[in-house]
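First up is the structure itself, then whatever we jot down about it.
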Amino acid sequence: MSLSTIMTNYFLRHVQVMLFSLGQLWRQPVASLMTVTVIGIALALPAGLFVLQQNMTTVSEQWDDSNQITLFLKTTISQVEGKQLSLDLKKWPNIAQVQFQSAAQSLSEFRQLSGLGDLLDSLPNNPLPAVIIIYPAEDIVSPDAIGSLLARLEAMPQVEQAQLDMEWLQRLRSINETIHRGISILAILLSLSVLLIIGNTIRLAILSRQSEIKVMKLVGATDRFVRRPFLYTGFWYGLVGGIVAWITLMLTLSVISSPIDELIGHYGSNFDLQWFSLTMLTTLPSIGVVLGAAGAWLAVSRHIHMIEPN
Amino acid sequence: MIQFTDVYKRYPNRYEALSGLSFHLNKGEMAFLTGHSGAGKSTLLKLIALIERCSHGQVLVNKQNLTHLPKRKIPYYRRQIGLVFQDHNLLHDRTVFDNVALPLVIAGENHREIGRRVRASLDKVGLLGKERNLPIALSGGEQQRVGIARAVVNRPAILLADEPTGNLDPDLSRDIMQLFEQFNQVGTTVFIATHDHDLIHTLPYRQIQLHQGRLAKREVE
Ligand SMILES: Nc1ncnc2c1ncn2[C@@H]1O[C@H](COP(=O)(O)OP(=O)(O)OP(=O)(O)O)[C@@H](O)[C@H]1O
Ligand SMILES: [Mg+2]
C-alpha cells in the first residue's frame with residue numbers, strides 16, 4: 001500500500017468517526033440541544049459583556065480628551081497680573097492651551113447663566129475671582145501626570161484653588177477597569193464550567209456505553225480507537241455550542257444596538273459591528289472546540305482505560 | 001498452539017479458581033472444555049483471551065508468553081483470537097453487518113475489503129440476507145451465529161467459545177457445532193467450553209475436563 005493510500009484511509013476513518021459521533025448526537029436531539037444551549041449561553045455571556053465594556057471604554061476615552069483644569073485666582077490678583085500669569089503658563093511644556101477669564105467676565109457669565117443680575121448689582125464689589133482654564137498637553141493623560149500638574153498649579157502663590165473638572169472621569173475609568181477584570185474572571189469561570197459540562201456529558205456517555213466498550217476491547221480495540229468517537233463528540237458539542245453562542249450574541253446585540261448607537265454615537269464610536277460579528281463567528285466556535293476537546297479528553301483519559309472486559 | 005504450565009488463578013477474593021493446571025492444545029486441534037459449574041472453565045478461557053492474568057505459572061499462546069505481554073499490546077494480541085460468548089455480546093444499536101464488521105474496522109481494513117469479508121463470513125453462518133437487520137430482530141440462534149461470524153471475520157488462528165449453545169435447543173446446538181467443525185477443518189484451532197454432554201459425546205474430539213480448578217481426566221479420541 002502506498003503512503004498516500006494509507007493517509008487517505010486514515011483521513012477517511014477520521015471523517016467516518018466524526019460523522020458517526022454527529023449522528024449519535026442527532027439521535028438524541030433533546031439532550032444534545034440542551035447541552036449545546038447551556039454551552040452557548042456560557043460562551044455568549046462573557047462575549048456580550050465584553051462588547052458592553054468595550055463601548056464603555058470608547059466613551060470614556062472620548063471624554064478623556066476633554067480633561068481640563070480650572071484655576072481660581074486670588075481676588076488680590078489684578079487683571080494685568082492674571083493675564084500675565086496665563087501667558088507664563090502657556091509656555092509650560094505640559095500645558096497646551098490656556099484661556100484667561102477676568103473677574104468681570106466671570107461676573108457677566110454668571111449674570112447670564114443665573115439671571116440673578118439685580119442681586120449681583122446690589123453687592124458692593126464683585127465676589128467672583130478671575131479664572132484661568134488650562135488644557136493640558138496631549139501626552140498628559142495618565143492620572144499621575146495630571147495629578148502632579150494639578151499639584152504644581154495649586155502651589156503657585158497667585159492661585160486660590162486648582163480644580164480638575166473631570167475628577168469623576170478617573171472614577172469612571174477605575175470602575176471600567178474593575179468591570180473589565182470582573183468580566184475576565186467571569187469568562188474564565190464560565191469557560192471552566194463549559195469544560196466541566198462537556199467533560200461530565202462525555203463521562204455519562206462513556207458510562208452508558210460501558211458494555212459496548214467492553215465488546216470493542218474484546219475484539220481487539222485499542223484505547224485510542226475507543227476514545228476517538230468520544231473526543232469527536234466533545235468537538236461537536238464545542239463547535240455547535242460556539243455557533244449557538246454567536247447566534248445568541250448577535251440576537252442580543254440587535255436588540256440593544258440602537259440605544260448603544262445612541263450612546264456612543266455622540267462620542268464618535270469606532271465600534272464596527274460587522275467586523276466584530278465576523279471575529280466572533282471565528283472566535284466563539286474556536287474557543288468552543290478547544291474547550292470541548294479538552295473536556296472530552298479529561299473524561300476519556302480518566303474512564304476509558306478503566307473499562308475492561310470481565 | 002495453547003500451552004498451560006502449572007497455572008494457578010486466584011481471584012482478588014482469594015478464591016483459587018485454577019490450581020496447578022497443565023495441558024497442551026495443538027495447532028489446528030478442536031477440543032472441548034468440560035466440568036461442573038464453577039470448575040473454572042470460563043476462567044481458563046479468560047486467561048487465554050487475557051481478560052484475566054494468571055497468578056502463577058505460564059500460558060503460551062501462538063508462541064507468545066502471556067505473562068510478559070504488556071497491557072498496550074493486548075488489543076493486537078486479541079485480534080488473533082476469535083471469541084464467542086453464550087450471551088452473544090452484540091452491539092444492539094448497530095446492524096448485523098456493522099457488528100460483524102467491527103473487528104475489521106478496529107484493525108483498520110479498507111472499505112472494500114470489509115464489505116467482502118463480512119459478506120463471506122455471514123454467508124458461512126447462513127445469514128447473508130439479514131445484514132441490514134438489528135440484532136433484536138433476530139432469533140437467539142441467529143444472534144449466536146452473528147457472534148460466530150464476528151469471531152471468524154478476521155480469520156483468527158484460534159477460536160474460543162464459552163457455552164455457545166447454552167441457550168439453544170438441541171437442533172440449533174448441532175448446527176452451531178457443525179459451524180465450529182467447518183472452521184476447524186480449514187485449520188483454525190477451536191476450543192469450546194460446554195455443559196452439553198449429550199452433544200459432545202457424539203463428536204470425535206478431545207475433552208479437557210476440569211474438576212474444582214484441576215485437570216480431572218483426559219479423553220483422547
Ligand atoms: N471475577 C471473579 N471474582 C471472584 N471469583 C470468581 C470470579 N470469576 C469466577 N470466580 C469464581 O471462580 C470459580 C470458577 O468460575 P468459572 O466462571 O471459571 O466457572 P465455570 O466453570 O465457567 O462455571 P459455569 O459452568 O457455571 O460457567 C467460581 O467458583 C467462581 O465463583
Ligand atoms: Mg462459565
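The values are calculated or read from the model by the stated rules, or taken from the named source; none is laboratory data. A quick note: this is a predicted structure, and the numbers were derived from the prediction, not measured. Neighbour counts are summed over all protein chains in view; Cβ atoms, including those assigned to glycine, are modelled from backbone coordinates with ideal geometry. Side chains included, ligands, DNA and RNA excluded: accessible areas come from the protein's heavy atoms. Shrake-Rupley method; radii C 1.70, N 1.55, O 1.52, S 1.80 Å.
Here are a few things to note about the model shown:
- Kirkwood hydrodynamic radius computed over segment B:15-150 comes to 17.0 Å, based on all pairs of distinct alpha carbons.
- Here is the P(r) of the protein assembly as shown: all C-alpha pair distances, binned every 20 Å from 0, give 17, 31, 19, 14, 11, 8, 1 in whole percents.
- At 1.306 mPa s and 10 °C, Stokes diffusion of segment A:69-165 via Kirkwood alpha-carbon radius, µm² per second: 112 µm²/s
- q = 0.08, 0.15, 0.16 Å⁻¹: log10 I(q)/I(0) that the Debye formula gives for chain A, counting C-alpha atoms only: -0.61, -1.14, -1.21
- Ligands, DNA and RNA left out, the 1.4 Å accessible surface of the protein assembly as shown is 58% carbon and sulfur atoms.
- Paramagnetic label zone (point 7 Å from Cα along Cα-to-C-beta, A:ASN126; backbone N under 18 Å) in segment A:64-105: A:71-87, A:99-105
- The local environment of B:PRO164, defined by Cβ-Cβ distances under 13 Å, has a net charge of -2 under the rule Lys, Arg +1 and Asp, Glu -1.
- With a simple spin-label model that places each label point 7 Å from the Cα along the Cα-to-Cβ direction, the separation between B:LEU128 and A:LEU3 comes to 4.2 nm.
- Cα-Cα separations in segment A:1-133 greater than 26 Å, expressed as whole percent: 64 percent
- Mean separation of Cα contacts under 8 Å, 6 or more apart, over the residue count of segment A:69-165: relative contact order %: 46 percent
- Dipole of the protein assembly as shown [Lys/Arg +1, Asp/Glu -1 at C-beta], most positive-end residue of B:THR5, A:SER174, B:HIS56: B:THR5
- Applying 1/(1 + (r/R0)^6) with r as the Cβ-Cβ distance of B:HIS56 and B:ASP198 and R0 = 41 angstrom yields a FRET efficiency of 0.70.
- Virtual paramagnetic centre 7 Å along Cα→Cβ of A:ALA31, amide N under 15 Å, in segment A:10-24: A:21-24
- Straight-line reach from B:LYS63: taking Cα to Cα under 25 Å and skipping same-chain neighbours fewer than 8 places apart, the lysines in range are A:LYS217, B:LYS9, B:LYS27, B:LYS41, B:LYS46, B:LYS71, B:LYS73.
- R0 of 25 Å, Cβ-Cβ distance A:ILE41-A:THR279: FRET efficiency to nearest 0.05: 0.80
- Comparing mean-square fluctuations of A:THR58, A:THR279, A:THR37 from a GNM of chain A with C-alpha springs under 10 Å, the top value falls on A:THR279.
- Annotation for A:PHE20 and A:SER211: the two label points, set 7 Å from Cα along the Cα-Cβ direction, are 1.9 nm apart.
- Here's the picture: charge each Lys and Arg Cβ at +1 and each Asp and Glu Cβ at -1 in segment A:69-165, and of A:GLN112, A:ILE146, A:PRO129 the one pushed furthest to the positive end of that dipole is A:PRO129.
- Placing dummy labels 7 Å off each Cα toward the beta-carbon, the span from A:SER78 to B:ASN167 is 11.7 nm.
- Cα centre as origin, Lys/Arg/Asp/Glu Cβ charges: segment A:69-165 dipole, Debye: 240 debye
- Based on C-alpha pairs under 8 angstrom that are at least 6 apart in sequence, chain B has a relative contact order of 29 percent.
- Positive-pole candidate from A:THR35, A:THR5, A:PRO93, dipole of segment A:1-147, charges at beta carbon: A:THR5
- Selected from B:SER173, B:SER139, B:SER42 as most flexible by GNM, with chain B as the system and alpha-carbon contacts under 10 Å: B:SER139
- Most mobile of A:GLY292, A:GLY23, A:GLY234 in a GNM of chain A (Cα contacts under 10 Å): A:GLY23
- Label zone of B:SER139 (point 7 Å out along Cα→Cβ, amide N under 20 Å): in segment B:61-103 this covers B:85-90, B:96-97.
- Sorted into 5 angstrom bins from 0, the C-alpha pair distances of segment B:1-74 split as 4, 15, 28, 27, 18, 7, 2, 0 percent.
- Between A:ASN200 and A:ARG152, the FRET efficiency from the beta-carbon distance, with R0 = 51 Å, is close to 0.25.
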